[in-house]
1. With Kirkwood's inverse mean 1/r over C-alpha pairs for Rh, give me the Rg to Rh ratio of the stretch 73-127, two decimals please.
2. Using a basic spin-label model with each label point 7 Å from the Cα along Cα→Cβ, how many nm lie between residue 81 and residue 97?
3. For Cα pairs less than 8 Å apart in space and 6+ apart in sequence, what is the mean separation divided by the residue count of the stretch 5-63, i.e. the relative contact order in percent?
4. If you line up the long axis of helix 30-42 against the longest principal axis of the chain, both from Cα atoms, how many degrees apart are they, to the nearest 10?
5. Compute the distance from the alpha-carbon center of the stretch 4-81 to that of the stretch 110-126, in whole Å.
6. Hey, could you pull the Cα Rg and Dmax for the stretch 30-102, both in Å?
7. Compute the Rg to Rh ratio over the stretch 9-54 from the alpha carbon atoms, using the Kirkwood formula for Rh, and round to two decimal places.
8. Compute a Gaussian network model of the chain, connecting alpha carbons closer than 10 Å, and tell me which residue from 11, 29, 105 fluctuates the most.
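Only the coordinates and a few stated rules stand behind these numbers; no lab work does. All values derive from a computational prediction rather than experimental measurement. As a convention, Cβ positions derive from the backbone with ideal geometry for all residues, glycine included, and neighbour counts pool all protein chains shown.
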Amino acid sequence: MRHDVLADVMSAIKNGDFVGKRTALTPASATVREVLRIFQSAGYIGEFELIDDRRGGKFKISLLGAVNNCGVIKPRFAVKADEYEKWERRYLPASGFGLLIVSTSKGIMTHNDARAKHIGGKLLAYVY
C-alpha cells in the first residue's frame, strides 16, 4: 500500500538515473502528472505516457540521465510569495540551479513562476 505516491515517483526517477536506466515505471495520479510535466519542460526527463493497468494506472517515464537529485519535501511547508529564496538555500545547491515545485491556488508550478506571479503555496518537491 502506497502512502506517498509522489515520493515513490521521485525515488524511481532518482534511482533509475543513478544506475543508468532508460525508463522507469511509476504509479499514476493527477499530482504526479503535473510534476512530470514540469520536469519534462525543464529538461530533466523525456516523454512519459500513462499505461492503464485497470488499478489506477502507471506512468512510463523516459529517463535522460539529467537528474542529480530529486525528492519530496515533507512536511509540506507553507511558503509566502517573498520567502522562496530561503527555501532555495535550504533545498537547492545554488541560487538559480534546480527547481522547487510548489502547489498554489493557481495550480502546480515552479518556484520561479510562483515568484513571478507573486503567489505563495505549499512546497511539494525539489529537483536539480
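1. 0.90
2. 3.0 nm
3. Values: 81 pairs, mean separation 22.5, N = 59.
For the stretch 5-63, the relative contact order is 38 percent.
4. 80 degrees
5. So the two Cα centres are separated by 18 Å.
6. For the stretch 30-102, the Cα-based Rg and Dmax read 14.4, 43 Å.
7. 0.94
8. 105
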